[in-house]
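To start, the structure under review is shown below, and the notes come after it.
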Amino acid sequence: MADYDIIIIGAGVAGLTAAATAARLGSHTLVIDSMGVGGQVMTVDRISNFPGFPEPISGIELGPLLQEQAEAFGAEMRLASVIGIVGSEDGLTVSCDDGDVSCRAVIVAAGSSRRKSGLPGEEALEGRGVSHCASCDGPLLRDRAAVVVGGGDSAFDEAAVLSDYANTVILAYRSDAPRAQQRAVAEADARDNIVQRPNTTVEALEGEGGLTAVRLCDTVSGEVETVAADGVFFYLGLDPNTDFLGGLLELDADGRIRTDGDLQSSHPMVFAAGDIRAGAVSLLSAAAGEGATAAISAHRAVTSAHTLEEVAA
């Protein structure tokens, strides 16, 4: 007998919504995550696009609320790192750093990690000026200068958060116009201490033991400028957390899991939800919807398997 009907890998919005849905449907459900609940949303200071919350809510509030809902329906939580998934005729085994656990179906909702810049010194300056969380490190930059790199929603939202603390926030992006939604752009435009720098890339990070400056390059004029900065925040896109899958599932060119309309992967008992999935929309509401859909599909697959076993017996 399998330990669980459904194991969900990842405790972000997609994973926790899947857990609540699967458990409510009656599947014995386990959620595994190495960082606890919430995923990347835990670093977001203001979430204004999640259904059911007319006022902005912080990620550190939303994550526990989703966990509470999932546990109320009977889902269990486990803090562990997933090493791999092995399939067999009897089901699936999820290998973790603290032991193996078996199940009939898996929902992969492990999300993505923020892409690093690859600049020399980035690793050494991580936590010493290089950051990816404005709400975490913004208070340390009170009356100081910060640089935010990226032209999407995350960069603009985090620049707005930083502007509450820093005296100057340079918002640098390589395109001639931002990719962020108009709402986020309008908020940045309304803040006097946010300076937008289009057609700009970061050439180097300076400082030993702590960031002191960032070297910026204007890609149109070729002019290079070194600006003093106590913090730099990179929002350059996301890389899917699929390394632990090995060759079990079919992935697209970006390393994301290919699924059909029921969010079933190339393995009949493995499903995927959230931005780890090929073609996913990077909205929290969409991640929640995919989590629910994947859970319904997985529950149906598990129920069908139970029925076939009973007939065979």
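The values are calculated or read from the model by the stated rules, or taken from the named source; none is laboratory data. Only a predicted model underlies this, so the values are computations on that prediction, with no experimental measurement involved. Here the Cβ positions follow ideal geometry from the backbone for every residue, glycine too, while neighbour counts run over all protein chains shown. Just so you know, the surface numbers come from the protein's heavy atoms only, side chains and all, with ligands and any DNA or RNA stripped out. Shrake-Rupley method; radii C 1.70, N 1.55, O 1.52, S 1.80 Å.
Seen from every direction in turn and averaged, the convex hull around the alpha carbons of the chain projects onto 17.2 nm². Between region 87-116 and region 156-217, the C-alpha centres lie 38 angstrom from each other.
Of the accessible area of region 119-201, with the probe set at 1.4 angstrom, what percent is carbon plus sulfur? Whole-percent figure for carbon plus sulfur exposure: 47. Ordering of 130-136, 85-91 by packing is 130-136, 85-91, highest average first (other Cβ atoms within 10 Å, averaged per residue).
With θ taken as phi - 60° and the Karplus curve 6.51 cos²θ - 1.76 cosθ + 1.60 applied, the whole-hertz 3J(HN,Hα) list for region 191-201 is 9, 5, 9, 9, 10, 7, 10, x, 6, 10, 10 Hz, x standing for glycine and proline.
In region 29-135, the alpha-carbon atoms span a convex hull of 146 Å³ per residue. Nonpolar atom fraction for region 203-313, defined as the carbon and sulfur part of the 1.4 Å probe accessible area, stands at 50 percent. Over region 5-82, the hull volume per residue, using the convex hull of the C-alpha atoms, is 75 Å³. Packing-based ranking of 244-252, 144-152, 69-77, 28-36 yields 144-152, 28-36, 69-77, 244-252, ordered from highest to lowest mean Cβ neighbour count within 10 Å. On a per residue basis, region 73-150 carries 46 Å² of accessible surface, using protein heavy atoms and a 1.4 Å probe. Against the chain, whose longest principal axis is taken from its Cα atoms, helix 13-25 shows a tilt of about 20°.
Relative to the current alpha-carbon distance between S304 and R144, full extension at 0.36 nm per residue lengthens the span by 51.6 nm. For region 193-313, just say rounded, prolate or oblate: build the C-alpha gyration tensor, square-root its eigenvalues into a ≥ b ≥ c, call rounded for a/c under 1.5, and beyond that prolate if a/b exceeds b/c, oblate if not. Here region 193-313 falls in the prolate category. An ellipsoid equivalent to region 67-217, defined through the eigenvalues of its Cα gyration tensor, has semi-axes of 39, 19, 16 Å when rounded to whole angstrom and sorted largest first.
With Cβ to Cβ distances under 11 Å as the rule, what net charge do the other residues near N49 carry (K, R +1; D, E -1)? So the surrounding residues net to 0. Given R0 = 45 Å, the distance between the Cβ atoms of E122 and E89 translates into a calculated FRET efficiency of 0.45. The helix-based estimate of mean residue ellipticity at 222 nm for the chain, built from -39,500 (n - 2.57) per DSSP H run of four or more residues and divided by its residue count, is -8000 deg cm²/dmol to the nearest 500.
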